[in-house]
Every structure is written in structure tokens, then in C-alpha cells.
Amino acid sequence: MLTIVPSSEIEKKQVEILIITVCEDADIHPSALLPELIHQARSLKEFKGADNEDIVFYAPSGVMAAQVMIIGLGKKDKLDGETLRKACGKAIKKCIQKEVSEALFVVPFIEALQKEPDVILEAMVEGALLGNYQFDQFKKPKHPSLLNISFAVPEDSVDHARLLSQKIKIICDGTLLAREWVTTPSNLKRPEQFARSLVQIAEKENLKTEVLDHTALEKQHFGALLAVAAGSDTNARMVIMEHNPGNTTQTIALVGKGVTFDSGGINLKPQGSLEDMKMDMAGAAVVAATMITAAKLNLPIRLIGVLPLVENMPSGSATRPGDIVKSFSGKTIEINNTDAEGRLILADALSYTIQTYKPDAVVDIATLTGACVVALGERIAGVFSFDDRMSDTLIASGLKTFERCWKMPLPEDHKELLKSEFADICNITGLKWGGAITAALFLSEFTENIRWMHIDIAGPAFVKKETAYCGIGGTGFGVRLLCDWIEKIVSLPCTPKTLSESL
Ligand code: BES
Ligand code: MN
Ligand code: ZN
């Protein structure tokens with residue numbers, strides 16, 4: 001449970017643990033009481049208030065809390081949302097280890113961040129809620145997650161803080177849904193089963209859903225998508241979700257790569273590259289979670305979520321390197337590498353989405369290339385678009401949510417590297433370098449010149465080492481990013497019919 005209490009409760013509340021953030025070089029709490037506790041902490045040699053430091057007092061005087069944890073944020077001038085997010089994530093993880101079931105955070109007043117006063121509470125709630133999550137499908141975690149997290153804010157901002165924190169909770173729940181799906185092993189999320197559970201959850205939120213099964217996909221000539229699914233003994237699915245609040249003339253489509261396991265197919269991946277390939281449906285997880293979140297928030301824009309779900313496996317029926325297929329768009333594709341499968345399912349999904357829904361803009365998100373991880377590392381996503389305004393808005397959302405994106409080029413002349421001797425296009429280049437770019441250029445061939453943006457999350461979708469507010473496994477990277485991006489688009493000044501101009 002998440003609650004907001006007025007700051008008058010700080011001293012009176014019988015809470016298991018009270019958490020106070022402090023800076024190394026400045027006072028960020030106006031209350032008369034806290035300076036005493038803070039002073040007590042500072043007088044200890046081991047605590048300066050530096051980032052990462054913390055100290056716990058048991059049975060502290062002046063408050064009813066059983067324990068007080070004082071956590072350092074470092075220097076005031078360096079403070080930003082991410083420092084707070086991380087500090088609160090780490091504090092909650094410590095609370096989990098201590099087996100406390102409830103915590104009360106004191107929200108500080110940080111003048112430098114007051115230009116956007118919501119940033120402080122937003123970041124703190126995010127860090128705490130995301131840090132409190134543990135994947136527990138198969139074994140009980142060592143220590144349980146907290147049951148109640150509260151935040152104390154000044155009396156006059158309680159109402160606003162309640163509304164804001166409810167919104168943040170909905171967005172964090174979306175992130176956690178995506179984490180849960182990505183961390184779930186591939187044997188329990190094969191396309192048919194995964195499609196069913198997605199639909200079940202989406203319908204609860206009143207999203208309109210549709211599932212194209214194998215017969216429908218064959219009938220409608222999803223040749224590229226079916227070529228990827230051919231080696232698996234579970235059939236492909238395409239799940240479509242629609243959020244339509246009415247009264248809007250604008251439509252944004254989100255397409256997510258949903259490879260529930262990427263073995264590489266006949267171009268089998270080597271050991272070391274296979275183990276984490278349950279995460280290759282992270283794009284689909286992000287899109288589904290964003291759709292569910294958008295429905296819960298009732299965002300005033302029509303959204304279409306399209307999730308092509310397949311398992312990429314080698315077998316006697318698998319697609320062979322060199323095979324040529326006809327895609328949904330009618331273009332023929334020479335599949336020279338069965339491990340470049342994401343672009344194949346996305347090509348068909350993009351064509352279908354554009355033809356069926358004629359959206360004002362389409363965004364795809366995918367764990368598409370190892371090359372993008374080589375280029376940008378594991379923490380930053382690559383963004384590709386011919387439309388700078390669209391990607392600039394996303395990059396701004398990346399800075400706010402700390403789901404960082406970096407603009408990558410789409411050089412037209414590189415398209416010639418995808419030429420095929422026998423078909424309209426080849427799915428790989430045969431060159432070693434620039435793989436994230438050529439993958440994006442391949443996708444661009446299926447976007448019919450409409451506004452399009454591609455986000456490669458191969459790096460940040462999954463972590464093998466826990467971070468301040470994420471455990472090992474899926475990160476949910478993309479949900480907070482896309483929710484913020486959609487909100488930005490909705491609130492950007494635009495005349496009714498020209499959302500596309502505000503992108
Ligand atoms: N799913 C992988 C990309 C990937 C790699 C995601 C590492 C997460 C971590 C994708 O399907 C793939 O195999 N891409 C190949 C493309 C190549 C065959 C042109 C790659 O990046 O090596
Ligand atoms: Mn692959
Ligand atoms: Zn893949």
C-alpha cells in the first residue's frame with residue numbers, strides 16, 4: 001500500500017521505520033525536529049551525508065518510530081531525480097533485509113528542484129515502489145517485500161501529493177508487470193499461452209483486444225512472421241490492444257518485439273548468448289504494460305498496441321538461411337540469417353499496423369541487436385527516426401525518467417547493404433559493423449513513409465546484476481519512458497487535428 005500523510009505525522013506515527021534523506025552540505029528539511037536527528041547522525045564520524053551512506057538509530061528520541069534511517073544524497077547542487085530514485089530504492093532494499101513491513105519517508109524540500117516540484121515526490125515514490133519488487137514465482141524471497149510505504153509531505157500539498165502518487169503507482173505497476181513477464185522463463189510464456197494471459201489482463205482494464213492465430217496469420221499472408229515461427233512447435237500469435245477514450249482524432253500505434261525465446265534458429269546462438277534470450281519479448285512486454293497503464297490513467301489519446309509473438313527455434317520445419325519469403329507488405333525477403341528474426345516479425349507487424357489503423361505515428365520497441373549494446377552499452381537505448389521532433393521528445397522523456405535514449409543515425413546510403421541478389425531485400429548485410437543501424441534501416445522499409453520511431457532496448461531490457469531499484473532480470477525499461485512520452489504528446493500545444501505536428 002502507498003499512502004501520503006501530512007508532515008505533522010512524522011513525530012506521532014508509530015511506524016516501524018522512518019527514513020530521512022540528507023545532503024552533505026545543506027539542510028533540506030524545514031521541520032524543527034529533524035535537525036536534531038540529523039545533527040546526531042552528522043556528529044558520527046562514519047556519516048557525512050554523502051551519496052550511498054546511511055545510518056540507523058534504534059529507539060530514537062523525539063519520534064514514535066521504532067527506527068530511523070538517515071540516508072545520504074551527497075552535495076545539494078548535484079541532486080537530481082535519479083539520485084533520489086536510487087537512494088529510495090536502496091533504502092527500501094535495506095528495509096526488506098531488516099524485515100520491516102512498513103516505512104515512512106520524509107519528503108525533503110529541495111530548492112534547486114522546485115522549478116518542477118513534482119520531480120522530488122515522483123522520483124522518491126518510483127525508487128521505493130520499484131525497489132520493493134521481488135520476482136517470487138518459483139521461490140519465496142529470503143525476506144518479504146514491505147507491505148506499506150508512506151510519504152510525509154507538507155500539510156498544504158497532501159491532496160496534490162495523493163493524486164500524483166496514485167498516478168506514479170499506476171505507472172510503476174506497469175513497469176513491474178513488464179519486469180514480471182520478461183523474467184518469466186520461456187517455457188511458461190510460449191506465444192499461445194502468453195497471448196491468452198495478456199488478453200486476460202488487458203480486458204480487465206477495458207482494452208479492446210484481438211488475437212490473430214496461426215490460421216488468421218496464414219490467411220492474411222504474414223509471411224515474414226510465420227517464417228520465424230516455423231521452427232517452433234507452438235504457433236505464433238499476434239495480439240492487438242486498443243485504448244480508445246473517444247473524442248480523439250489522433251492515433252498512435254506501439255509495436256513490440258515478442259520473441260518468447262530467441263535460440264537464433266538454424267543460425268543457432270552459441271552458449272553464453274542463449275541463456276538470457278527469454279528476455280527477447282521485452283518490447284512486447286513494454287507495449288502491453290504501457291497499454292494497460294494508459295487505460296488505467298485514461299490517457300486522452302487513441303492507442304493501438306501490436307504484439308507479434310513467436311518462438312525462434314531450430315528444427316526440421318525451421319526456416320533455412322537463404323530461404324525467401326513474401327512479407328505482409330508484398331516485399332520479398334531473403335533470410336540469410338535466422339537469428340536476425342526480430343526485424344522479420346516487426347516488418348510484418350509494422351505493415352499490418354499501418355495498413356489497418358493508419359496511425360498518425362508508429363513507434364516500435366525491441367531487443368533488436370547486440371550491435372546496439374556494443375554502441376551504447378547496457379544502460380542506454382538507441383532511438384532511430386527520420387523525424388527529429390518525435391525522437392527529441394522521447395529523448396527528453398528519457399532524461400526525466402532516467403530511461404535514457406540516444407539518437408542514432410539512419411543513413412540512406414547504407415540501405416544498399418541490404419540488397420539481395422534474388423529478393424527485394426535481405427535481412428542481414430554480411431558486414432560486421434553498424435548492425436543496429438542496418439536493422440533499423442531494414443524496418444524503415446516497412447513503414448510506408450509515416451512518422452515512425454524505433455527504440456532498440458537490447459541493452460537496458462534486462463540486468464544480470466541488481467541495481468539500486470531493480471533486481472536481476474527484466475527491468476521494465478520503456479514503460480515509464482513511453483508513458484511520459486505519450487503524456488508529453490497529449491499535453492503539447494496543438495490544434496485539434498494536428499497532433500502530428502506536435503510530435
Ligand atoms: N535478440 C537478439 C538481439 C539481442 C542480443 C538482444 C543481445 C539482447 C541481447 C537478436 O534477435 C539477434 O540475434 N540479433 C543479431 C543480429 C545479427 C544476426 C545480424 C545480433 O545482434 O547478433
Ligand atoms: Mn536473434
Ligand atoms: Zn531476437
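The values are calculated or read from the model by the stated rules, or taken from the named source; none is laboratory data. Note that the structure is a prediction, hence the values are computed from the model and not measured. Note that we place each Cβ from the backbone using ideal geometry, even for glycine, and neighbour counts take in every protein chain shown. Areas reflect the complete protein model, heavy atoms only, side chains present, ligands, DNA and RNA absent. Shrake-Rupley method; radii C 1.70, N 1.55, O 1.52, S 1.80 Å.
Which pairs, out of Lys98/Lys140; Lys76/Lys98; Lys296/Lys488; Lys94/Lys115; Lys219/Lys331; Lys86/Lys400, put more than 19 Å between their alpha-carbon atoms? Checking Cα-Cα distances, Lys76/Lys98; Lys94/Lys115 exceed 19 Å. Using Cα atoms only, what is the angle between the long axis of helix 81-98 and the major principal axis of the chain, expressed in degrees (0 to 90) to the nearest 10? That works out to roughly 70 degrees. Basic side chains Lys and Arg get +1 at the Cβ, acidic Asp and Glu get -1 at the Cβ, and with that the dipole of the chain about its Cα centre reaches some 620 debye. Selection among Ile55, Ser7, Leu79 by position relative to the dipole of the stretch 2-153 gives Ile55 as farthest towards the positive end (Cβ unit charges, Cα centre).
Computed from Cα atoms alone, the Kirkwood hydrodynamic radius reported for the stretch 238-372 is 15.7 Å.
The distance separating the Cα centre of the stretch 201-277 from that of the stretch 1-61 comes to 48 Å.
Rounded to the nearest whole Hz, the Karplus-based 3J(HN,Hα) values (6.51 cos²θ - 1.76 cosθ + 1.60, θ = phi - 60°) of the stretch 99-114 follow the sequence 6, 8, 10, 8, 9, 10, 8, 9, 7, x, 10, 10, 4, 4, 9, 6, with x at glycine and proline. Carbon-plus-sulfur accessible fraction, the chain (probe radius 1.4 Å, protein heavy atoms only): 52%. Annotation: amide H of Thr475 within the under-5 Å range of Phe462, Val463, sequence separation 5 or more or interchain, hydrogens built in the peptide plane.
The HN-Hα couplings worked out from phi for the stretch 72-77 by the Karplus form 6.51 cos²θ - 1.76 cosθ + 1.60 (θ = phi - 60°) are x, 10, x, 7, 4, 5 Hz, whole numbers, x standing for Gly and Pro. Can you list which of the GluC sites (Glu not before Pro) found in the stretch 89-197 are DSSP loop residues with at most 16 other C-beta atoms within 10 Å? Of the GluC sites (Glu not before Pro), the ones in loops of the stretch 89-197 whose Cβ has at most 16 other Cβ atoms within 10 Å are Glu99. Among beta bridges identified by DSSP and lying wholly in the chain, the antiparallel ones come to about 40 percent. The C-alpha radius of gyration of the chain, expressed as a fraction of 2.2 N^0.38 Å, stands at 1.03.
By a 1.4 Å probe calculation restricted to protein chains, His243 has an accessible surface near 10 Å², given to the nearest 10. When nucleic acids and ligands are ignored and a 1.4 Å probe is applied, His221 ends up with an accessible area of around 120 Å². The angle separating the long axis of helix 118-131 from the principal Cα axis of greatest extent in the chain is about 70 degrees.
Protein heavy-atom accessible surface, 1.4 Å probe, per residue over the stretch 25-127: 47 Å².
Could you work out how far helix 191-204 tilts from the main Cα principal axis of the chain, as a 0 to 90 degree angle to the nearest 10? Taking Cα atoms only, the helix is inclined about 50 degrees.
Computing Rg and the Kirkwood Rh from the Cα coordinates of the stretch 66-117 gives a ratio, Rg/Rh, of 1.01. For the stretch 2-153, the antiparallel share of DSSP beta bridges with both residues in that region comes to about 20%.
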